[in-house]
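The structure appears below as C-alpha coordinates.
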Amino acid sequence: QVQLVESGGGLVQPGGSLRLSCAASGSILTINAMGWYRQVSGKQRELVAIININHGGSTDYADSVKGRFTISRDNAKNTVYLQMNSLKPEDTAVYYCNAAGYDSSWQIFRSWGQGTQVTVSS
(Lines give C-alpha, C1' and ligand atoms only; values in the text may rest on other atoms or scores of the structure.)
Protein backbone atom coordinates (compact mmCIF):
# COMPACT_ATOMS: atom_id res chain seq x y z
CA GLN A 1 0.00 0.00 0.00
CA VAL A 2 0.95 3.61 -0.49
CA GLN A 3 0.78 5.78 2.58
CA LEU A 4 0.61 9.56 2.79
CA VAL A 5 1.48 11.46 5.93
CA GLU A 6 0.60 15.13 6.28
CA SER A 7 2.16 17.60 8.65
CA GLY A 8 2.28 21.33 9.25
CA GLY A 9 -1.27 22.12 10.25
CA GLY A 10 -2.14 24.18 13.25
CA LEU A 11 -3.68 27.36 14.56
CA VAL A 12 -2.80 30.64 12.88
CA GLN A 13 -4.21 34.16 12.93
CA PRO A 14 -5.80 35.70 9.86
CA GLY A 15 -3.12 36.95 7.50
CA GLY A 16 -0.64 34.40 8.74
CA SER A 17 1.08 31.58 6.92
CA LEU A 18 1.48 27.84 7.19
CA ARG A 19 3.28 25.28 5.11
CA LEU A 20 1.79 21.83 4.82
CA SER A 21 3.87 18.83 3.86
CA CYS A 22 2.79 15.46 2.53
CA ALA A 23 5.26 12.61 2.24
CA ALA A 24 4.42 9.48 0.27
CA SER A 25 5.90 6.12 1.14
CA GLY A 26 5.36 2.47 0.37
CA SER A 27 5.53 0.35 -2.74
CA ILE A 28 5.54 3.19 -5.23
CA LEU A 29 6.52 2.75 -8.83
CA THR A 30 5.61 6.23 -9.94
CA ILE A 31 3.46 9.11 -8.80
CA ASN A 32 1.59 10.90 -11.55
CA ALA A 33 -0.03 13.66 -9.55
CA MET A 34 -0.43 14.92 -6.02
CA GLY A 35 -2.87 17.36 -4.60
CA TRP A 36 -4.45 18.95 -1.61
CA TYR A 37 -8.12 18.87 -0.70
CA ARG A 38 -9.93 20.36 2.23
CA GLN A 39 -13.14 19.59 4.02
CA VAL A 40 -15.27 21.34 6.58
CA SER A 41 -17.42 19.13 8.77
CA GLY A 42 -20.76 18.53 7.11
CA LYS A 43 -19.63 19.81 3.73
CA GLN A 44 -18.17 18.28 0.59
CA ARG A 45 -14.46 17.80 0.24
CA GLU A 46 -13.09 20.27 -2.29
CA LEU A 47 -9.96 20.47 -4.37
CA VAL A 48 -7.48 23.12 -3.27
CA ALA A 49 -4.48 22.55 -5.52
CA ILE A 50 -2.94 19.86 -7.69
CA ILE A 51 0.45 19.35 -9.24
CA ASN A 52 1.27 16.98 -12.06
CA ILE A 53 4.41 14.94 -11.56
CA ASN A 54 4.63 13.47 -15.07
CA HIS A 55 3.41 16.46 -17.05
CA GLY A 56 6.06 19.05 -16.43
CA GLY A 57 4.93 19.94 -12.94
CA SER A 58 1.92 21.93 -14.08
CA THR A 59 -0.35 23.18 -11.33
CA ASP A 60 -3.93 24.20 -10.83
CA TYR A 61 -5.69 25.93 -7.97
CA ALA A 62 -9.15 26.56 -6.70
CA ASP A 63 -10.22 30.12 -7.42
CA SER A 64 -10.55 30.80 -3.72
CA VAL A 65 -6.83 30.24 -3.08
CA LYS A 66 -5.21 31.56 -6.25
CA GLY A 67 -2.52 34.09 -5.46
CA ARG A 68 -2.32 32.98 -1.84
CA PHE A 69 -1.42 29.29 -1.93
CA THR A 70 1.44 27.64 -3.77
CA ILE A 71 1.82 23.91 -4.34
CA SER A 72 5.26 22.50 -4.99
CA ARG A 73 7.02 19.17 -5.04
CA ASP A 74 10.29 17.51 -4.14
CA ASN A 75 10.42 14.37 -6.23
CA ALA A 76 13.54 13.08 -4.49
CA LYS A 77 11.59 12.99 -1.23
CA ASN A 78 8.20 12.00 -2.72
CA THR A 79 6.87 15.04 -0.97
CA VAL A 80 4.43 17.76 -1.91
CA TYR A 81 4.06 21.06 -0.11
CA LEU A 82 1.34 23.62 0.19
CA GLN A 83 2.53 27.08 1.14
CA MET A 84 -0.46 28.94 2.52
CA ASN A 85 -0.16 32.71 2.82
CA SER A 86 -2.64 35.44 3.71
CA LEU A 87 -4.80 32.90 5.45
CA LYS A 88 -8.45 33.69 6.02
CA PRO A 89 -10.94 32.26 8.49
CA GLU A 90 -12.73 30.59 5.60
CA ASP A 91 -9.59 28.55 4.97
CA THR A 92 -10.27 26.68 8.20
CA ALA A 93 -10.69 23.01 7.35
CA VAL A 94 -9.10 19.62 7.51
CA TYR A 95 -6.60 19.43 4.68
CA TYR A 96 -6.04 16.10 2.98
CA CYS A 97 -3.21 15.07 0.74
CA ASN A 98 -3.92 12.89 -2.28
CA ALA A 99 -1.62 11.03 -4.64
CA ALA A 100 -2.25 8.96 -7.73
CA GLY A 101 0.05 6.71 -9.67
CA TYR A 102 1.20 3.13 -9.95
CA ASP A 103 2.49 0.88 -7.21
CA SER A 104 5.31 -1.61 -7.57
CA SER A 105 2.91 -4.21 -9.01
CA TRP A 106 1.79 -1.81 -11.74
CA GLN A 107 -1.56 -1.37 -10.04
CA ILE A 108 -3.17 2.03 -10.13
CA PHE A 109 -3.41 3.63 -6.73
CA ARG A 110 -5.11 6.69 -5.39
CA SER A 111 -4.25 7.27 -1.75
CA TRP A 112 -5.36 9.74 0.86
CA GLY A 113 -3.64 11.05 3.91
CA GLN A 114 -5.44 11.14 7.23
CA GLY A 115 -5.72 14.90 7.20
CA THR A 116 -4.25 17.79 9.12
CA GLN A 117 -6.32 20.49 10.79
CA VAL A 118 -5.80 24.09 9.77
CA THR A 119 -7.57 26.65 11.92
CA VAL A 120 -7.47 30.34 11.06
CA SER A 121 -8.85 32.38 13.91
CA SER A 122 -8.16 35.52 15.88
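Residues in the stretch 72-93 that are more than 13 Å from G35 (Cα to Cα) and in contact with a Ser or Thr (Cβ under 7 Å, 6 or more places away or on another chain): 5 in all. When L29 is tested against (1) surrounded by 18 or more Cβ atoms within 10 Å (Cβ to Cβ); (2) among the aliphatic types (A, V, I, L, M); (3) touching a residue at least 40 places away in the same chain (Cβ under 8 Å); (4) in contact with an Asp or Glu (Cβ under 9 Å, 6 or more places away or on another chain), only condition (1) is not met.
The rows are residues; the columns are (1) open to solvent by less than 30 Å² (accessible area, probe 1.4 Å); (2) in contact with a strand residue (DSSP E or B) (Cβ under 7 Å, 6 or more places away or on another chain); (3) not hydrophobic (A, V, I, L, M, F, W, C).
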position	(1), (2), (3)
G35	yes, yes, yes
V40	no, yes, no
Q44	no, no, yes
A62	yes, yes, no
V65	yes, yes, no
F69	yes, yes, no
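Starting from the stretch 102-122, take each residue that is on the phi > 0 side of the Ramachandran plot and in contact (Cβ under 8 Å) with a residue 12 or more places away in the chain and list its partners that are open to solvent by less than 70 Å² (accessible area, probe 1.4 Å) and in a strand (DSSP E or B), counting only C-beta distances under 6 angstrom and pairs at least six apart or across chains. From residues that are on the phi > 0 side of the Ramachandran plot and in contact (Cβ under 8 Å) with a residue 12 or more places away in the chain, the pairs are G115/V94; G115/Y96. Among the residues of the stretch 86-122, the ones that are open to solvent by 60 Å² or more (accessible area, probe 1.4 Å) and among the aromatic types (F, W, Y) come to 3 in all. For the stretch 51-68, residues that are touching a residue at least 24 places away in the same chain (Cβ under 8 Å) and closer than 25 Å to T119 by Cβ total 3.
The values are calculated or read from the model by the stated rules, or taken from the named source; none is laboratory data. Since we're looking at a predicted model, the values are computed, not measured. Because the Cβ atoms are built from the backbone with ideal geometry, glycine has one as well, and the counts that use them run over all protein chains shown. With ligands, DNA and RNA removed, areas are computed over all heavy atoms of the protein, side chains included. Shrake-Rupley method; radii C 1.70, N 1.55, O 1.52, S 1.80 Å.
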